[in-house]
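Down below is the structure, laid out as structure tokens.
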Amino acid sequence: MNSYVPILVLGVLAAGFAVVTVVSAALTGPKRYNRAKLDPYECGIEASPQPAGGGRFPIKYYLTAMLFIVFDIEIVFLYPWAVSFDALGVFGLVEMLLFIATVFVAYAYVWRRGGLEWD
Amino acid sequence: MSATAVAAPAVHSLWTTAAAAPIHAPKIEYAQLSPILVVLGAAVAGILVEAFVPRRARYGTQLAVTLIGLAGAFAAVVGLAATGYATTKADLAAMGSIAVDGPSLFLQGTLILVTAVGVLAIAERGLEPQSREVPHVDAFAPQAAAVPGSEDEKAAARAGWSTTEVFPLTLFALSGMLVFPAAGDLLTLFIGLEILSLPLYLMCALARRRRLLSQESAVKYFLLGAFASAFFLFGTALLYGYAGTLDLGGIAKVVTGDAAPNAALNASAHGDALLLIGGAMIVMGLLFKVGAVPFHAWTPDVYQGAPTPITGFMAAATKVAAFGALLRLLYVALPEMRWDWRPVMWGVAILTMALGAIVAVTQTDVKRMLAYSSIAHAGFLLTGVIAGNKQGVSAVLFYLAAYSFVTLGAFAVVTLVRDAGGEATHLSRWDGLGRRSPLVAVTFALFLLAFAGIPLTSGFSGKFAVFSAAAKGGAVPLVVVGVLCSAVAAFFYVRVIVRMFFAEPRADGPSVAVPSALTGTAIAVGAAATLVLGVFPQWAFDLADKASVFIR
Amino acid sequence: MNSLLGLLIAAPLLGAAVLLLGGRFVDRVAPVLGSALAGLSFVLGAILFSNLLGKPASGRAIDSDLFTWMHVGTFKADAAFHLDQLSMTFVLLITGVGTLIHIYSIGYMAHDEKRRKFFGYLNLFLAAMLILVLADNYLLLYVGWEGVGLASYLLIGFWQHKPSAATAAKKAFLVNRVGDIGLAVAVFLMFTTFGTFTFQGILHPSVVSSAGQGKATALGLVLLLAACGKSAQVPLQSWLGDAMEGPTPVSALIHAATMVTAGVYLITRSSAIFNAAPTAQLAVVCVGAVTLLFGAIVGCAKDDIKKALAGSTMSQIGYMILAAGLGPIGYVFAIMHLVTHGFFKAGLFLGAGSIMHAREDEVDMRKYGGLWKKMPWTFATFGLGYLAIIGFPGLSGFFSKDKIIEAAFAKGGTEGWILGGAALLGAAITAYYMSRIMVMTFFGKPRYTTKAEGGTSPEAHESPAVMVAPMVVLAVGSVFAGGFFSLGSRFLHWLEPVTGHSEGHSPVSTGVLTAATIVLMLLGMGLAWFQYGMREVPAAAPRSIWPVRLARRDLGQDDFNHAVFVRGGTRFADGLAEFDAKGVDGAVRGVAGAVGGGSSRLRKLQNGYVRSYAFSMFGGAVLIVAATLFMRAV
């Protein structure tokens, strides 16, 4: 049975993390209820005027968030490349340019299709 | 001494050695990756088309870009096969990430052809009611982001907008599918899985009619898919923990004892638990994609909700890709574990065949019935996978090629039978269709007979191959169950035929739309493949047989 | 030469493909194209014939392997053709008479809207019949056999808007199936016994005798069954009379000259098998003798000219079957009679067609009469055919039929006397019914009133040249073919290397037999003249004594079939249906109910909530992991 112990421990740790965060947030957080507090994400986004199928939210907020994530990941990817730039040489440069170009294709799509305009 | 205490410093040493090793630029064999790269390139070009080509010209441009990309990719596959990659040599390209061998090329070729036919059905714009202002209407939402039933949506429909993004999305999904059966390591496999899944989730949500059903199906598919991906990823982590490598071949070596397992864990845990649980979880991730019981629950809801051309593409291509990956995983990484996975897979296969066939009996919706039929077929395919011999591999390869064209054809026919509410998918609406539109009904009957595995259709050739391989591999009881389930399945296929040809047509019955050359071609190709692979299957068997050796 | 053999078949096959698939585009050229391709086929046949004649008598054969048709394990079937003297004879008959009838049809079918289909079917028939006689193995022969059956079915039912035609086609098809089963079983038996289908591999006395008498007899009997179906021999004769619903050129080509003789070909071709099986041979001669009388009697009673001729066809083929059943003393004469019959019977049918053409498809001979003046060419050619069939000295039928009668007596013993007697009696009846047709049709006063005279019938007129010309050619054949063949025993020497021949020794001398035949013929003619020429022919058939009534009803063939097979079959089927409903369906419904019940229960698991799907996935995952670990632990 010895071999299963690490897996068991892993499982307990994972479950523990989920439980602890949820429970501690509920226990420690202040409880001041008001209208803004009940809004989704507490950030002023309102449900659309004619909710169909139980209420929906404007998509723009999420679009912006997604764009942020795209560029965030790009940066995350650029860091290790910058660190080992010497070792990777021209190959690395070309590949990275390709990568950036591809990301910019997505960016161009969002830009051309009005994803950057708030209204 | 507890296990965790030992593990901690060992993991640390792994980390440090990795950091200390010098980094080299990877060697990439672009030519061998060309099928995937061409498809990806075409997809990126498709995004640029969306960005810069005026709305009116987008449809034509997208269709051209897509078909040219597919043609190029297919040429690349044929070129690779012609230089002997499938038969005389094989290679692990891109530092072992992509296997270029027989099964890869066979399945990639199949996938590209299937996608080409699927794209024809997706590109159809002549079935929905049209007006003078909006002469072409496709099967997809005019503006996917608009709330169903809202003014925005109506305005978009009036303006004749359409979601031409489906073309690049299809290509992205295809690129993931091309990677999937060819992946040489678990991480590439996972990336393939995600690349193929994400566009599909989106495409499921794009139906023009019954949008809420469509969006619901997409959300379900996404949530359950994410769940399955989590299983897969967790299994990957465990297997890496066991073997210290992500290479499928490397894992196999560790299993056989030809290579040392993960040094860090070896000392304390003897690793088998990681191997067994990790392997099982990865297989579960793949079983989700093929729609095997108990990971099948999404199939009927998603097949029903998704736009029908997408359902056809998804049902055909995903199955091909996922079974390819399953074969590679079980035959390359875990062949020595077959005494562990075979009994479990037996159970899964039996449950899958039985549940698919039995529940299909009481279905009243064509698309749901075909979904359960696809579950049953996943079970039949699993019997071939379980066979565990070369014959099993070639049988599964053949079955996939045969099945995918039948599926495409069947769903393409479903798009034609319509009434005021769009597609008339309730089976009772199909009563007497044979009298009103004999050609369509006969074609659909052909596909149903192929599903049922009646001789002279490709379904028979495929089932025969799979079952005989399984019998040869010692799985005779499985074959018996398979044949019994085929009999049950034949019942509900034939029942539809009976309805079409022997029931009185309803006065308010649906009409059959006359398709443009696109859907017409798709159906014709499907029917032709069904007949050719049924009457003259030998050349395809030979091809699959030649292509049935995995590189390790 | 080998490639010519393929081309010979390809020509009509191409015609059929073009005409049947070509659609309206080829409507206009259909008659000419169909006839031209039939003619091309005949020309090729003639070239091959001259080539064969150039070879020594012992080596007159051409083989042509087209391709391997199927090859599975020891099972090997080739699409290969074999041309020898026997098949050559048939090729010339089929393409020659076929071409003439194609040409005739240009006139006969001139006003039919479906001409294109008609010629397409005719070409299809030619191709299938050529495959039948040229095949070098029984499997390919079977293909041709089914092909001619199909063409026959399509052509009998050509005017399918007439219910009678549709029914007749169905009847022909069904009855032929019974015979076809015989051929199918024969093919199976051959493969299990000899391991091959080829004539070369089977048809050797040594090979056949190695299989044993029992096998040979069984093979002979199933082959006879096949022959009975295709050649309308008792007991599978009932379809031929109804087959006259087809257009008359079809009756002439398929149901008189060629297809119906396929049974004779089959028996003659399989002579090695029959020679080794005396019991089967006995069955063959019995069938032949019974049919020749049966057909003749039916022919006497029919007022429909085509049905009377159909009875005659049946009877004449009975002669051929009888001859073929006699063994080596009869094969050559069976084929010789087959060829001469091809000429005169096709000629007679074309004559009948010519009359129908003139009389707006009137077939009742009681409404004919005195036509010789109005249709002199038809009268002349029909008359020559008539003289040929009754065996008028010097004409074709005289030579070929006499030989058969002689051979029947030569069988020897009581058997010989019975068979010879039957054949002689048949000859007398033939003379009677043919004279009856002749007299009722051409002589006496017209028994119809034309429109000019205030009646309903059109004025009879001679047919156009395109129809008359083939009739003339056939009449020439009817007159001279027999003499030509017999002169110096030409036909005998030509066919002998294939079929073998031995001289029989008749207990009655040839002179006496010939004299007897002629006397009987004159008796028959006289009786017919007395009955129909001396007196007025009533416009409606008078009520007659029961044998005549029975003959009018085809000797009760349909009543018999109905009572025994239809009613018996229905009862059997009802029984099966009951068993099916109670036994089989009960079990099936039980299973189906269980499946359906399980299905509805399982269906409830699919509740649409993604949370319960996820939960089932999780449960499944736990189960699978547990099972995997459990398997390892065990």
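Laboratory data are not the source of any read-out in this text; all were calculated from the coordinates shown. Computed from a predicted model, the values in this text were never measured in an experiment. Ideal geometry is used to build each Cβ from the backbone, glycine not excepted, and the neighbour counts take in all protein chains shown.
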List every residue whose amide H lies under 5 Å from the amide H of B:Ala183, counting only residues 5 or more places away in sequence or on a different chain, with H placed 1.01 Å from N in the peptide plane. B:Ala99
Report, in debye and to the nearest 20, how large the dipole of region A:53-119 comes out about its Cα centre when Lys and Arg carry +1 and Asp and Glu carry -1 on their Cβ. 360 debye
Those lysines that a straight Cα-Cα span of less than 24 Å connects to B:Lys289, excepting residues fewer than 8 apart in one chain: B:Lys220, B:Lys319, B:Lys367, B:Lys390, B:Lys463, C:Lys604
Put a dot 7 Å past each Cα toward the Cβ at C:Asp580 and B:Leu484; how far apart are the dots in nm? 2.6 nm
Give me the distance between the Cα centres of region C:462-485 and region C:599-621, rounded to whole Å. 84 Å
Taking the Cβ of C:Lys445 as the centre, find all other residues whose Cβ is under 14 Å away and add up their charges (Lys, Arg: +1; Asp, Glu: -1). +4
On a full-extension model of 0.36 nm per residue, what is the gain between C:Leu425 and C:Ser502, subtracting their alpha-carbon distance, rounded to one decimal in nm? 25.2 nm
Restricting attention to the alpha-carbon atoms of region A:53-119, what are Rg (one decimal) and Dmax (integer), both in Å? 16.2, 55
With +1 on each Lys and Arg Cβ and -1 on each Asp and Glu Cβ, how big is the dipole of region B:374-503 about its Cα centre, in debye rounded to the nearest 20? 140 debye
Charged-residue dipole, Cβ positions (Lys, Arg, Asp, Glu), the protein assembly as shown about Cα centre, Debye nearest 20: 2380 debye
Leaving out same-chain residues fewer than 8 places away, which aspartates and glutamates sit with a Cα under 13 Å from that of C:Lys170? C:Asp242, C:Glu245
The farthest towards the positive end of the charge dipole of the protein assembly as shown, of the residues A:Ala15, C:Leu322, C:Val97, given +1 on Cβ of Lys and Arg and -1 on Cβ of Asp and Glu, is C:Leu322
More than 36 Å apart - percent of Cα-Cα pairs taken over chain B: 32 percent
Between C:Leu4 and B:His136, Cβ-based FRET efficiency (R0 56 Å, step 0.05) works out to 0.45
Would you pull out the residues with amide H under 5 Å of B:Ala207's amide H, same chain only if 5 or more places away, H placed 1.01 Å from N? B:Ala141
In deg cm²/dmol, rounded to the nearest 500, the helical mean residue ellipticity at 222 nm of the protein assembly as shown, built from -39500 (n - 2.57) for every DSSP H run of length 4 or more, is -23500 deg cm²/dmol
How much space per residue, in cubic angstrom, does the convex hull of the C-alpha atoms of chain C take up? 241 Å³
With label points set 7 Å from each Cα along the Cα-to-Cβ direction at B:Leu531 and C:Glu415, the distance between them in nm comes to 5.3 nm
Angle check, please: helix B:517-535 long axis (alpha carbons) against the longest principal axis of chain B (alpha carbons), in degrees 0 to 90, nearest 10. 60 degrees
Give me the net charge of A:Leu78's neighbourhood, meaning all other residues with Cβ under 15 Å from the Cβ of A:Leu78; Lys, Arg count +1, Asp, Glu -1. -3
What do you get for the angle between helix C:490-499 and the principal long axis of chain C? Use alpha-carbon atoms, 0 to 90 degrees, nearest ten. 20 degrees
Taking Cα atoms only, helix C:138-156 is inclined relative to the longest principal axis of chain C by an angle, in degrees rounded to 10, of 70 degrees
Out of residues 5 or more away from C:Trp69 or on other chains, whose amide H comes under 5 Å of its own, with H placed 1.01 Å from N in the peptide plane? C:Ala77, C:Asp78, C:Ala79
I'd like the GluC sites (Glu not before Pro) in region C:357-409 restricted to DSSP loop residues with at most 11 other Cβ atoms within 10 Å, sorted by number. C:Glu360
Lys/Arg Cβ at +1, Asp/Glu Cβ at -1, dipole of the protein assembly as shown taken about the Cα centre: which of C:Ala539, C:Phe382, C:His501 is farthest positive-ward? C:Ala539
Only counting other Cβ atoms within 10 Å, I'd like C:Tyr432, A:Tyr62 sorted with the fewest neighbours first. A:Tyr62, C:Tyr432
Tally Lys/Arg at +1 and Asp/Glu at -1 over every other residue whose Cβ is under 13 Å from the Cβ of C:Thr261; what's the total? +3
Pair C:His562, A:Thr21: separation of 7 Å Cα→Cβ label points (nm): 9.0 nm
Looking at the calculated P(r) for the protein assembly as shown, what percent of the C-alpha pair distances fall above 47 Å? 52 percent
Between B:Ala524 and A:Tyr79, the FRET efficiency computed from the C-beta separation at R0 = 51 Å comes out, to the nearest 0.05, as 0.45
For C:Ala541 and C:Lys373, FRET efficiency with R0 = 35 Å and r from the beta-carbon atoms, rounded to 0.05? 0.85
D (Stokes-Einstein, µm²/s), Kirkwood Cα radius, region C:562-633, 1.567 mPa s at 4 °C: 76 µm²/s
Can you grab the distance from the C-alpha centre of region C:109-165 to the C-alpha centre of region B:122-167, Å, no decimals? 55 Å
Each residue of region C:555-567 in turn: what ³J(HN,Hα) in whole Hz from Karplus with 6.51, -1.76, 1.60 and θ = phi - 60°, glycine and Pro shown as x? 6, x, 4, 6, 4, 4, 4, 5, 5, 7, 8, 5, 5
Exposed-loop-free span, longest in chain C, where trypsin sites (Lys or Arg not before Pro) count as exposed if DSSP calls them loop and at most 13 other C-beta atoms lie within 10 Å: C:29-534
